[in-house]
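Student: Supplied in structure tokens, the structure appears directly below.
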Amino acid sequence: MSESSAPGTISAQVHRAACNPALPSGSSRSSQRDMWEITAPFSFQVLGAVILGFGVWILADRSSFISVLQTSSTSLKVGAYIFISIGAFTMLMGFLGCIGAVNEVRCLLGLYFAFLVLILIAQVAAGVLFYFNMGKLKQEMGSIVTELIQKYEEGRQDSLQEAWDYVQAQVQCCGWVSFYNWTENPRLMNHTNTTYPCSCKTRSQNDSSLPLEKGFCHDLNGIQGGNNPDAWPVYHEGCMEKVQAWLQENLGIILGVCVGVAVIELLGMLLSMFLCRSIHSEDYSKVPKY
């Protein structure tokens, strides 16, 4: 290109921009696309990974109250697999949204929007079902823990027993409703001296660093001739009340996380609609006008 023709070329470009104000500039298109590429894919990849990781944790955990439930509760297992599926699906949707944004494919962006709507509806439905089935879940949890206490056997290597010992020691509770649940264990009550679950033993703050005791403990100074539960040096409060108190204390955090997830999903839907309309307007502006 010659130097003399350069000013004319620049003038023509300025003239075309002035005559077509509806035509989006390259910087505007780039800004919209950059905002999408940074916000949506990253947020949904992280969100999907968190949901997937939570589901895997429910299935793999062996040292907390979750492990006691997931071994015997089909509802919790199904819930864990649902979390894993939703997490993987959310990560896939974030990937499709990224491809649709980079290549400006309206079909992929529309598919991304539709699947986000379905995920949001599924999450709301799951929350409603959980709320209205809390009583049933509580009853199922109680039956699982009660059966575990009744079949508890000293010296047996069992991951469920170890997990329940850990829960009672850490949460500082005993039994499910109260420590009297342990009176339903025949092996414990057959002792002729004062014998109680070691993990239920009351501890001071100075004793919290001591290793976890398992099995049954014997009080050598106790009354002989019978195992009286009222003489046990254990926590009297049941773990059910402790779990309910924990849920009440952390209800705000749980609701905040749920609202945050919903906001991220709504943001993804709005951004996909915004980019779809931007691509549509750009394609329309490229149609020759006579």
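Student: Counting residues that are in contact (Cβ under 8 Å) with a residue 40 or more places away in the chain and aliphatic (A, V, I, L, M), which helices (runs of 4 or more DSSP H) fully inside the range 98-207 reach at least 1?
Tutor: Filter on the range 98-207 gives 106-132, 134-150, 159-171.
Student: Which number in (1) modelled with pLDDT of 85 or more; (2) charged (D, E, K, R); (3) surrounded by fewer than 13 Cβ atoms within 10 Å (Cβ to Cβ) marks the one condition that Glu154 misses?
Tutor: (3)
Student: Are any residues in the range 237-264 among the charged types (D, E, K, R) and at pLDDT 80 or above, and if so, which ones?
Tutor: Hits for the range 237-264 are Glu237, Glu241, Lys242.
Student: Has the range 221-230 got at least one residue that is among the hydrophobic types (A, V, I, L, M, F, W, C), out of contact with any Gly (no Cβ under 7 Å at 6 or more places or on another chain) and at pLDDT below 90?
Tutor: Checking the range 221-230: at least one residue is among the hydrophobic types (A, V, I, L, M, F, W, C), out of contact with any Gly (no Cβ under 7 Å at 6 or more places or on another chain) and at pLDDT below 90.
Student: For the structure I just gave you, tell me whether Phe54 is modelled with pLDDT of 75 or more and within 30 Å of Leu160 (Cβ to Cβ).
Tutor: yes
The values are calculated or read from the model by the stated rules, or taken from the named source; none is laboratory data. All values reported here derive from a predicted model rather than from experimental measurement. Virtual Cβ from ideal backbone geometry, glycine too; neighbours counted across all protein chains shown.
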